[in-house]
Amino acid sequence: GCVLVVSVIEQLAQWHNSTVKAAVERLCNYIPGKYQVMCHMLCCCCSRKMNADVVCHSLKLCKQEPGQPLCHLYPPPKVHQFWELMHSSSFIFVPLQKSFMGFSSICAFPLLANLCEKIKYVLRNKLPFEDFDGDKFSTFPTLRGYHWRGRDCNDKNTTVYPGRRPDNWDAKSDSNCNGIWGVDPKDGIPYEEKFCKGADSRGVVLLGDSAGAHFHIPPEWMTVTQMSAKSFANLPVAFSNELDWPQFSEMTGFLNSTIGGWTDSLYLRLRQRNRCNHRDLQNISQNVYVHINIAAYLSFSLARNQLLDNPAIVIYATIGNDVCNGNRDTLAHMTTPKEMLSNVVQALRYLDSRLPNGSHVILTGLVDGRFLWDNLHDRYHPLGQLNGDVTYSQIYSFLDCLQVSPCSGWLTPNETLRNLTSERAFQLSNVLKEIARSEKFANFDVFYMDFPLRQTAEEWHKMGGEPWQLIEPVDGFHPSQIAAALGTSITWQKALQEWPQVLGKENPFNEQIEAVFKDQGGH
């Protein structure tokens, strides 16, 4: 973190031909509201004679553990630069620098302590922080609120939430938050009964990893040639959503993308097919996937009542985390086929005890992550675009040295290791395929589909795009917004052709619903 921040400050000074102190002021003025004070506390840096690695080691925010390699992003500095560290004139310290050095972590900052506690709560439980009636749905957007699940329309009544079957056809109030309620004065029939009875209403539930949560760090946060106050306007939302953007994601996205590309999702297509599905979505994904005792993890997070709610399409898509970790002996920490079988079957048995009859489960295979190194390793990272000095290969090596790589097995120059990682991913995908073929459950059927990376790349090539544009530019690992939208189209076409029963039938009353309830369709 220190290396990234100091790199941005040094590049801002270079781009604007200013002092480092002026660059710190400029960066902090870009940051919204109360976060500006935190910025001044964080930005303790030195003259442009020393690179970010030197600065962060000198401030003891980076250190070399005994017997471990010296981790650095930039080429090692010359000897005389270390001598300069001994002279205080080389440093520009803000007044709060000493107090900053006393904090053990970023969450120790007073302005961030409250937010951190909220984030810790939602990380533990995958539930909305603001949920007054305890039904696992919220009227607040972030902190696992309605960006992640359909928006609650009455947060004081635990029997009112998205996805439930209507109470008395919602003649008096909207019990399932789809915006359809009341009685048609022409014939006295409740609108919900008239428009949604027998309409095969169903929701979307994603059980996923950071790709499903749609992890994204805006590249404009690190690209000084594009940087302005507008670049950081989304910082509070990004932080309180764990740097995830589920509201634009492939499975549960529903808002127009503000991070490039466009939004297309399985949920939006199901809603378009049947307007009665409005707001029936849950994105239960997390950036660090815990594949031990996933049934317990589901029991805290899944909101579905077997007796009261509509069926659901559940997508089980942990496309990389079973083979991805930051350990140096990465192969030893990958999920084995035997573990995969046990974990997934255990999760499916739990789902069978919770999902309404008539539901469907789609198991998504793991990605072939060799695509990442092949298309990015020799390109410049956003941090390296100004001076042509930081490639993705350098970023991958730096993160791997720190043992915080999102995937040591794929983000490596070691071709043998990349191949072995893909081989394990292929083995785990075959486990999922066999589960879909052989396992039977009372309340849902199970389908398998490969992760559509190859088809996505082919489709993007036809549109004139380049493969690297399908990868998140900052982390060099996750699918980009373009990849998410294209993936939706491919998944939908496969489902239409091979499993039309999963999607339900098209509602012939969609236009009438929109005409009567045109003001009730917001998310």
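The values are calculated or read from the model by the stated rules, or taken from the named source; none is laboratory data. Everything numeric here is computed off the predicted structure, so don't read it as measured data. Don't worry about glycine lacking a Cβ; one is built from the backbone with ideal geometry, like all the others, and counts go over all protein chains shown. Keep in mind that these areas ignore ligands, DNA and RNA; they rest on the heavy atoms of the full protein, side chains included. Shrake-Rupley method; radii C 1.70, N 1.55, O 1.52, S 1.80 Å.
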Any hit, the stretch 148-157, residues being in contact with a helix residue (DSSP H, G or I) (Cβ under 6 Å, 6 or more places away or on another chain), open to solvent by less than 20 Å² (accessible area, probe 1.4 Å), in a loop (DSSP other than H, G, I, E, B) and of a type in the set (Phe, Trp, Tyr): yes
Residue in the stretch 367-375 that is touching a Cys at 6+ places or on another chain (Cβ under 6 Å) and open to solvent by 30 Å² or more (accessible area, probe 1.4 Å) present: no
Residue pairs meeting the criteria (Cβ under 7 Å; at least 6 apart or on separate chains; first at pLDDT 95 or above, in the stretch 384-398; second basic (Lys, Arg) and open to solvent by less than 30 Å² (accessible area, probe 1.4 Å)): none
Among (1) assigned by the TED database to the domain that holds Phe398; (2) open to solvent by 40 Å² or more (accessible area, probe 1.4 Å), the one test that Ala495 misses: (2)
Residue within the stretch 25-48 that is modelled with pLDDT of 90 or more, outside any loop (DSSP other than H, G, I, E, B), open to solvent by less than 60 Å² (accessible area, probe 1.4 Å) and under 23 Å from Tyr396 (Cα atoms) present: no
Odd one out for Ser257, checked against (1) assigned to a helix (DSSP H, G or I); (2) modelled with pLDDT of 95 or more: (1)
Qualifying positions in the stretch 394-417 - open to solvent by 20 Å² or more (accessible area, probe 1.4 Å) and part of a helix (DSSP H, G or I): Gln394, Ser397, Phe398, Leu399, Asp400, Cys401, Glu415, Thr416, Leu417
Residue match in the stretch 229-247 (condition: assigned by the TED database to the domain that holds Leu383 and over 20 Å from the mean Cα position of the chain (by Cα)): yes
Total residues in the stretch 225-252, condition among the small types (Gly, Ala, Ser), in a helix (DSSP H, G or I) and open to solvent by 20 Å² or more (accessible area, probe 1.4 Å): 1
Given (1) open to solvent by 10 Å² or more (accessible area, probe 1.4 Å); (2) within 21 Å of Asn114 (Cα to Cα), index of the condition Asp174 fails: (2)
Residue check for Arg454: under 23 Å from the mean Cα position of the chain (by Cα), surrounded by fewer than 18 Cβ atoms within 10 Å (Cβ to Cβ) and either of a type outside the set (D, E, K, R) or outside any loop (DSSP other than H, G, I, E, B) (or both): yes
Among residues of the stretch 187-224, those that are part of a helix (DSSP H, G or I), surrounded by fewer than 18 Cβ atoms within 10 Å (Cβ to Cβ) and in the same structural domain as Arg275 (by the TED database), counted: 0
Evaluation of Arg279 against (1) closer than 22 Å to Leu206 by Cβ; (2) at pLDDT below 95 (one fails), failing number: (2)
Within the stretch 275-288, tally of residues that are open to solvent by less than 20 Å² (accessible area, probe 1.4 Å) and in a loop (DSSP other than H, G, I, E, B): 3
Subset tally (residues that are out of contact with any His (no Cβ under 7 Å at 6 or more places or on another chain) and closer than 30 Å to Pro311 by Cβ) for the stretch 405-446: 17
Candidates Ser393, Ser301, Ser359 - the one that is hydroxyl-bearing (Ser, Thr, Tyr) and under 20 Å from the mean Cα position of the chain (by Cα): Ser301
Residue in the stretch 384-393 that is assigned by the TED database to the domain that holds Asn343, open to solvent by 40 Å² or more (accessible area, probe 1.4 Å) and assigned to a helix (DSSP H, G or I) present: no
Residues being surrounded by fewer than 17 Cβ atoms within 10 Å (Cβ to Cβ), part of a helix (DSSP H, G or I) and touching an Asp or Glu at 6+ places or on another chain (Cβ under 9 Å) - total across the stretch 498-522: 1
Failed item, numbered, when His461 is tested on (1) open to solvent by less than 50 Å² (accessible area, probe 1.4 Å); (2) over 19 Å from the mean Cα position of the chain (by Cα): (1)
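How many residues are part of a helix (DSSP H, G or I) and in contact (Cβ under 8 Å) with a residue 60 or more places away in the chain if we restrict to the stretch 336-371?
So the answer is 11.
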Given (1) within 18 Å of Ile471 (Cβ to Cβ); (2) open to solvent by 40 Å² or more (accessible area, probe 1.4 Å), number of the condition Gln272 does not satisfy: (1)
